[in-house]
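Chemist: Before I ask anything, let me first share the structure, which is written out below as structure tokens.
The values are calculated or read from the model by the stated rules, or taken from the named source; none is laboratory data. Computed from a predicted structure; not experimentally measured. Counting neighbours? That spans all protein chains shown, and the Cβs are built from the backbone with ideal geometry, glycine included.
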There are 2 protein chains.
Amino acid sequence: MKSISRRSFSKKIAIATGSVALMNTIPLACAFESTPATKSLGIALVGLGTYSSYELAPSLLETKHCHLAGIVTGTPSKEKIWAEKYNIPKENIYNYENFDTIITNSSIDIVYVVLPNAMHADFCIRAAKAGKHVICEKPMAVSVAECQAIIDACKKANVKLSVGYRLHSEPHTQEIQRIVREKEFGAINFVTAEAGYPSNGNPGQWRLNKALSGGGALMNMGVYAIQGAIYAAGENPISVSAQEFSTNPGYYKDTDETISAQFEFPSGTVGNIVTSHNAKLDRLYAACDKGWFELDIAYTYGPLHGRTSAAKEISYPYQRQQALQMDDFALHITQGAINRVPGEMGLRDLKIVEAIYESIRLGGEKITLDV
Amino acid sequence: MKSISRRSFSKKIAIATGSVALMNTIPLACAFESTPATKSLGIALVGLGTYSSYELAPSLLETKHCHLAGIVTGTPSKEKIWAEKYNIPKENIYNYENFDTIITNSSIDIVYVVLPNAMHADFCIRAAKAGKHVICEKPMAVSVAECQAIIDACKKANVKLSVGYRLHSEPHTQEIQRIVREKEFGAINFVTAEAGYPSNGNPGQWRLNKALSGGGALMNMGVYAIQGAIYAAGENPISVSAQEFSTNPGYYKDTDETISAQFEFPSGTVGNIVTSHNAKLDRLYAACDKGWFELDIAYTYGPLHGRTSAAKEISYPYQRQQALQMDDFALHITQGAINRVPGEMGLRDLKIVEAIYESIRLGGEKITLDV
């Protein structure tokens with residue numbers, strides 16, 4: 001799709017802008033694209049469950065650089081409802097069988113895969129093969145190998161790839177990232193991130209079915225806790241140990257209910273995470289040489305809220321996080337803005353997830369990470 | 001000192017008052033004593049370091065039911081300074097050699113042992129043998145065996161015993177205990193307690209010398225984190241796993257720097273603690289079915305501060321915690337009030353401390369607790 005010479009040019013631009021990625025192991029992806037800045041990109045949502053219905057579709061009414069252009073659903077009854085509600089033309093409605101014909105649809109620029117985790121890799125790879133840019137909902141996939149396959153497919157197809165970590169486009173989280181980047185409170189000695197919510201109202205949900213989810217709390221909110229610990233520490237961890245707790249095994253039969261894990265970071269920061277499908281947890285805290293910072297609404301749809309030891313509230317007006325996220329990705333495609341959540345970040349987190357499960361299997365043994 | 005018949009009477013009184021201990025494995029010790037309620041008990045401080053100088057002695061100027069009557073010090077130069085500052089008669093000043101002659105001093109009712117941890121057992125047992133009631137600073141001792149020996153000695157001498165966990169007499173902590181006892185927010189699913197402070201300014205301090213301290217952060221602030229997790233959960237743990245982190249081994253050569261541990265509680269609560277001599281940590285949090293509660297100044301000298309999900313600040317006027325603590329113990333002795341921190345609580349915590357060190361030795365293995 002793009003010439004070699006343009007890609008070389010893009011690299012030069014990225015260097016010239018002097019952008020610095022927070023995680024130095026995740027490559028920058030500041031490509032300068034030929035698409036006009038004014039173009040609003042068409043997004044197709046794949047999978048019309050709760051998250052698409054109540055978060056993504058409403059957010060796409062607020063986005064400036066992209067819009068809801070199409071849907072892909074396995075439930076025929078949803079087609080008419082969505083078509084009417086969001087004015088989606090018939091030719092932009094797909095099912096899982098005819099999805100690949102989306103390749104010929106020039107009104108769809110981005111495919112956002114919002115299916116159960118175990119279906120991410122299949123549909124992301126098919127979307128890439130259809131020449132569409134890809135947003136893959138978190139967790140990126142159910143294994144490191146699948147994450148790598150998605151990255152490879154997008155690279156081969158020369159399409160952009162992002163993971164649905166909405167918080168990187170969200171101002172409270174960005175303020176935390178600024179505090180960390182600027183070392184506002186000096187060395188960061190300890191970070192703790194706790195993310196979870198009770199999932200005990202609906203035993204039939206796919207998140208509790210390992211074949212569809214790949215895992216329980218850790219795959220659901222645990223990746224947010226991993227993310228939080230990493231952006232609070234400002235670097236990737238070098239080791240992890242982990243423990244699993246099962247307090248309601250009659251309900252959580254197939255997937256992990258509560259997991260804690262401990263990280264070591266290169267600069268000496270110690271990290272702790274807890275995730276749960278039994279406890280409501282929504283916190284991020286860092287203890288530094290010269291103070292502390294925290295979000296005590298840290299991962300949910302917002303508005304988030306936090307404070308620092310400088311007696312400063314971290315508080316911004318409510319905006320739909322997913323609108324900010326999808327606009328950021330659209331600007332990455334159209335204007336070469338930074339890709340805030342490249343596929344490599346999703347891959348990194350699955351490496352950590354796999355190490356956590358491995359540590360649990362080994363009775364809490366410390367696992368060296370290479371992320 | 002007291003007749004059998006009086007002790008039997010005391011037990012009946014304790015039952016009649018209907019007092020309920022939060023930790024059901026810790027026996028009540030509500031003995032009704034013959035000492036008049038109006039008598040102010042004389043306390044002798046053993047060891048005149050920072051804690052005695054800047055916390056206990058000033059607190060004893062504010063107590064109503066006890067007063068600073070004597071000192072025991074190994075540093076002759078301190079004798080004159082303290083005698084003048086606190087008007088202590090010469091006959092109430094002891095050194096470590098002649099300490100046992102305190103048995104004949106009727107103006108000393110309580111001996112408060114504030115020495116390095118490894119010296120607690122020796123001086124507590126000697127104080128008991130001298131017929132004095134005993135307050136043993138935390139951690140109670142450097143081993144379970146020593147804790148048991150102190151308890152046995154006090155029982156044999158028929159004197160009262162408490163451990164210096166000042167927070168049990170402190171209103172913010174008591175409010176947390178009330179919330180837990182009354183299940184204000186329903187079932188408690190997760191508790192986390194983090195307690196620590198940087199100890200990197202003075203490499204020669206006894207807390208970093210294992211022969212004197214018995215251990216590092218865990219023995220110092222870790223016991224507060226253990227305490228916090230337990231009173232936030234409202235029950236004693238049944239298992240623990242733990243990890244040790246060393247980020248500054250050149251400084252923390254002899255003792256543990258940072259430790260995390262995970263607890264399981266009988267009712268299903270999962271607990272987490274972190275303690276450190278490298279990071280400043282002072283937090284307690286609980287996630288419950290119907291809300292949450294927290295102290296975010298949780299263990300230091302106060303005033304503490306907290307809040308709950310009922311949008312309620314937990315905030316009380318500043319009072320010296322140690323004054324409240326020593327008055328409570330005096331009232332236990334003189335009026336049969338509850339012993340808020342019996343020796344058995346200190347013993348329990350050392351059992352947990354030993355299990356934490358054992359889990360670390362075994363690479364994070366889960367250890368069953370019997371406390």
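Chemist: Only residues that are in a loop (DSSP other than H, G, I, E, B), buried (at least 20 other Cβ atoms within 10 Å of the Cβ) and not charged (D, E, K, R): list them for region B:131-179, please.
Modeler: B:PRO139, B:MET140, B:ALA141, B:VAL142, B:VAL159, B:GLY164, B:TYR165
Chemist: Under 9 Å by Cβ, and 6 or more places apart or on different chains, what pairs join a residue from region B:251-277 that is within 19 Å of B:ALA187 (Cα to Cα) with one that is of a type in the set (Lys, Arg) and surrounded by fewer than 24 Cβ atoms within 10 Å (Cβ to Cβ)?
Modeler: If the second residue must be of a type in the set (Lys, Arg) and surrounded by fewer than 24 Cβ atoms within 10 Å (Cβ to Cβ), the pairs left are B:GLN262/B:LYS366; B:GLU264/B:LYS366.
Chemist: Could you tell me whether region B:226-246 includes any residue that is part of a helix (DSSP H, G or I), touching a residue at least 40 places away in the same chain (Cβ under 8 Å), within 18 Å of B:PRO116 (Cα to Cα) and of a type in the set (Phe, Trp, Tyr)?
Modeler: No, there is no match, as no residue in region B:226-246 is part of a helix (DSSP H, G or I), touching a residue at least 40 places away in the same chain (Cβ under 8 Å), within 18 Å of B:PRO116 (Cα to Cα) and of a type in the set (Phe, Trp, Tyr).
Chemist: On to the next question. Identify, please: which residue in region B:297-328 is of a type in the set (Lys, Arg) and surrounded by fewer than 18 Cβ atoms within 10 Å (Cβ to Cβ) and is, among those, farthest from A:GLU264 (Cα to Cα)? So that I can check it myself, show each step before the final result.
Modeler: Going residue by residue through region B:297-328, those that are of a type in the set (Lys, Arg) are B:307, B:312, B:320.
Subsequent filtering for residues that are surrounded by fewer than 18 Cβ atoms within 10 Å (Cβ to Cβ) retains B:307, B:312.
Details: B:ARG307: 31, B:LYS312: 36 Å.
So, considering only residues that are of a type in the set (Lys, Arg) and surrounded by fewer than 18 Cβ atoms within 10 Å (Cβ to Cβ), the one farthest from A:GLU264 (Cα to Cα) is B:LYS312.
Chemist: Also: Pick from B:ARG340, B:ARG320: which is in contact with a strand residue (DSSP E or B) (Cβ under 8 Å, 6 or more places away or on another chain), basic (Lys, Arg), more than 13 Å from every other protein chain (Cβ to nearest Cβ) and within 18 Å of B:TYR165 (Cβ to Cβ)? If you could, list the steps in order and put the result at the bottom.
Modeler: On the way: B:ARG320 fails: in contact with a strand residue (DSSP E or B) (Cβ under 8 Å, 6 or more places away or on another chain).
Being in contact with a strand residue (DSSP E or B) (Cβ under 8 Å, 6 or more places away or on another chain), basic (Lys, Arg), more than 13 Å from every other protein chain (Cβ to nearest Cβ) and within 18 Å of B:TYR165 (Cβ to Cβ) holds for just one of B:ARG340, B:ARG320, which is B:ARG340.
Chemist: Something else about it: Can you tell me how many residues within region A:184-223 are within 14 Å of another protein chain (Cβ to nearest Cβ), out of contact with any His (no Cβ under 7 Å at 6 or more places or on another chain) and of a type in the set (Ser, Thr, Tyr)?
Modeler: Within region A:184-223, residues that are within 14 Å of another protein chain (Cβ to nearest Cβ), out of contact with any His (no Cβ under 7 Å at 6 or more places or on another chain) and of a type in the set (Ser, Thr, Tyr) number 2.
Chemist: Here's a follow-up. Considering only residues of region B:271-296 that are part of a strand (DSSP E or B) and within 8 Å of chain A (Cβ to nearest Cβ), which is surrounded by the most Cβ atoms within 10 Å (Cβ to Cβ)?
Modeler: By that ranking, first place goes to B:SER276.
Chemist: Filter region B:248-270 for residues that are at the interface with chain A (Cβ under 9 Å from one of its Cβ atoms) and part of a strand (DSSP E or B); which is nearest to B:TRP206 (Cα to Cα)?
Modeler: Of everything passing the filter in region B:248-270, B:THR258 is nearest to B:TRP206 (Cα to Cα).
Chemist: Just need a number here: residues in region A:199-257 that are β-branched (Val, Ile, Thr), within 12 Å of A:SER276 (Cα to Cα) and over 16 Å from the mean Cα position of the chain (by Cα).
Modeler: Qualifying residue count for the region: 2.
Chemist: Name the residue that is farthest from A:VAL240 (Cα to Cα), counting only residues in region A:302-317 that are more than 10 Å from every other protein chain (Cβ to nearest Cβ) and outside any loop (DSSP other than H, G, I, E, B).
Modeler: Per the stated criteria, the residue is A:GLU313.
Chemist: Starting from residues that are assigned to a helix (DSSP H, G or I) and not hydrophobic (A, V, I, L, M, F, W, C), keep the ones in region A:190-223 and report whichever is surrounded by the most Cβ atoms within 10 Å (Cβ to Cβ).
Modeler: A:GLY222
Chemist: Considering only region B:238-255, how many residues are in contact with a helix residue (DSSP H, G or I) (Cβ under 7 Å, 6 or more places away or on another chain) and closer than 25 Å to B:VAL270 by Cβ?
Modeler: Going through region B:238-255 one residue at a time, the tally reaches 5.
Chemist: Out of (1) within 12 Å of another protein chain (Cβ to nearest Cβ); (2) touching a Leu at 6+ places or on another chain (Cβ under 9 Å); (3) within 19 Å of A:ILE352 (Cα to Cα), the odd one out for A:ILE226 is which?
Modeler: (1)
Chemist: I would also like to ask the following. Being touching a helix residue (DSSP H, G or I) at 6+ places or on another chain (Cβ under 6 Å), at pLDDT below 95 and assigned by TED's automatic domain parsing to the domain that holds B:ALA195 is the requirement here; does B:GLY302 meet it?
Modeler: Numbers: touching a helix residue (DSSP H, G or I) at 6+ places or on another chain (Cβ under 6 Å): yes; at pLDDT below 95: yes; assigned by TED's automatic domain parsing to the domain that holds B:ALA195: yes.
For B:GLY302, the condition - touching a helix residue (DSSP H, G or I) at 6+ places or on another chain (Cβ under 6 Å), at pLDDT below 95 and assigned by TED's automatic domain parsing to the domain that holds B:ALA195 - is met.
Chemist: Would you check which residues across region A:180-189 are of a type outside the set (S, T, N, Q) and not in a helix (DSSP H, G or I) and list them?
Modeler: Correct list: A:GLU182, A:LYS183, A:GLU184, A:PHE185, A:GLY186, A:ALA187, A:ILE188.
Chemist: Does at least one position in region B:106-120 carry a residue that is surrounded by fewer than 17 Cβ atoms within 10 Å (Cβ to Cβ), of a type in the set (Ser, Thr, Tyr) and in contact with a strand residue (DSSP E or B) (Cβ under 7 Å, 6 or more places away or on another chain)?
Modeler: yes
Chemist: Right, here's the next one. Scan (1) within 10 Å of chain B (Cβ to nearest Cβ); (2) closer than 19 Å to A:ALA217 by Cβ for the single condition A:TYR299 breaks and write down its number.
Modeler: Evaluating A:TYR299 over (1) within 10 Å of chain B (Cβ to nearest Cβ); (2) closer than 19 Å to A:ALA217 by Cβ leaves (1) as the failure.
Chemist: Oh, and also: For region A:289-299, state whether one or more residues are in the same structural domain as A:GLY268 (by TED's automatic domain parsing) and within 17 Å of the chain's Cα centre (by Cα).
Modeler: Checking region A:289-299: at least one residue is in the same structural domain as A:GLY268 (by TED's automatic domain parsing) and within 17 Å of the chain's Cα centre (by Cα).
Chemist: So which residues in region A:49-70 are free of Cβ contacts under 8 Å to residues at least 60 places away in the same chain and more than 22 Å from A:ILE333 (Cα to Cα)?
Modeler: A:THR50, A:SER53, A:TYR54
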